[in-house]
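These notes concern the structure reproduced below.
Just so you know, all these numbers are worked out from the coordinates, no wet-lab data involved. A quick note: this is a predicted structure, and the numbers were derived from the prediction, not measured. Here Cβ is always computed from backbone atoms with ideal geometry, including for glycine, and neighbour counts include all displayed protein chains.
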Amino acid sequence: MKLFHELLGPLELPERPERIVSLAPNVTDALFVLGVGERLVGRSAFCHRPAEVLSLPVLASYTKTRTELLRSLKPDLVLLSTGVQREQAFRLKEEGFPVYALPLPLSPYGILENLSTLGHLLDLEERATELAHGLSERYGRLKGRFDLKVYFEMDLGGPITVGRGSYIAQALLHLGLKPIFLDVPQAYFPPDLEEVRRRGPDLFVYEPKPWGRNPLDKARALMEERGWHLPVVATDGDELAHYGPLFFGFLEKLAQKVAETLGED
């Protein structure tokens, strides 16, 4: 199959790849949703869903690849994302690997677009279209559930929030949880905590590092440390930051937590 990739240029990939390596958690998620998880022969260190992938060899971090191990697996297709993996995609292509990079989504609809793209690459277009339609309907049902200003923070080794151009900000806005930094033309950036206070959010939504314990206790400790007095909701980590098909279920879970925190359920 010959195609043109906006970042990588002309590509030639197999019509029906049987040995697939995924170097991005969103891709791994999508492959299992599409029903071809058994074709995976390798993963990144951050691909931990579903549990079946944990037995596969770890070939990469987000930015570095164990090239010789990857070569030994003789993959038909190596999948990753753009964003921080951009240079990694270029390197792998230059070294002769059959590589394709899915774009970082700018909205939740970009997640669905990536699902459709994978369907095209894997000759599963009908299945991908059906799944994307179902996820889109679920997303639509969440529209306008709330009317609040929110401060969203995720722990990436330090506090990071979202502004314009982030799929997380777009998803929160869709729920009626209006991010207080939506006017900032940066998708992700370290927040000024005094500016957070000045903007007067109604709710604090916190996403801890993956695999952390007691995320709500961590969020409350941060609020006490900062002298904030807000309702707070915490995800279980790597949920809103995950831009595979599982994102929509995580968003539903967040909506339920917000409703419970506000006493709406």
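Things worth noting here:
- The lysines whose alpha-carbon is closer than 17 Å to the alpha-carbon of K253, local same-chain residues fewer than 8 away aside, are K143.
- For L77, the residues whose amide H sits under 5 Å from its own are R19, V21, ignoring neighbours fewer than 5 places away on the same chain, with H placed 1.01 Å from N.
- Looking at region 164-265, the chymotrypsin sites (Phe, Trp or Tyr not before Pro) that sit in a DSSP loop and have at most 11 other Cβ atoms within 10 Å of their own Cβ are W211.
- Residue among F90, H242, A259 farthest towards the positive dipole end of the chain, charges placed on Cβ: F90
- The trypsin sites (Lys or Arg not before Pro) of region 178-265 that meet both conditions, a loop assignment by DSSP and at most 13 other Cβ atoms within 10 Å of the site Cβ, are R213.
- FRET efficiency for L3 and D236, using Cβ-Cβ distance with R0 set to 51 Å, rounded to 0.05: 0.85
- Spin-label model distance (nm) - D217 vs L73, 7 Å beyond Cα toward Cβ: 3.7
- The mean sequence distance of close C-alpha pairs (under 8 Å, at least 6 residues apart), as a share of the length of the chain, puts its relative contact order at 15 percent.
- Here r is the Cβ-Cβ distance between D123 and A259 and R0 is 41 Å; the resulting FRET efficiency, rounded to 0.05, is 0.50.
- Spatial extent of the chain: Rg and Dmax, with the Cα atoms as the point set, Å: 19.3, 58
- Gyration tensor verdict on region 144-261 (Cα atoms; rounded if a/c is under 1.5, prolate if a/b is larger than b/c, oblate otherwise): rounded
- Ranked by the mean number of other Cβ atoms within 10 Å per residue, highest first, peptides 132-138, 117-123, 170-176 order as 170-176, 117-123, 132-138.
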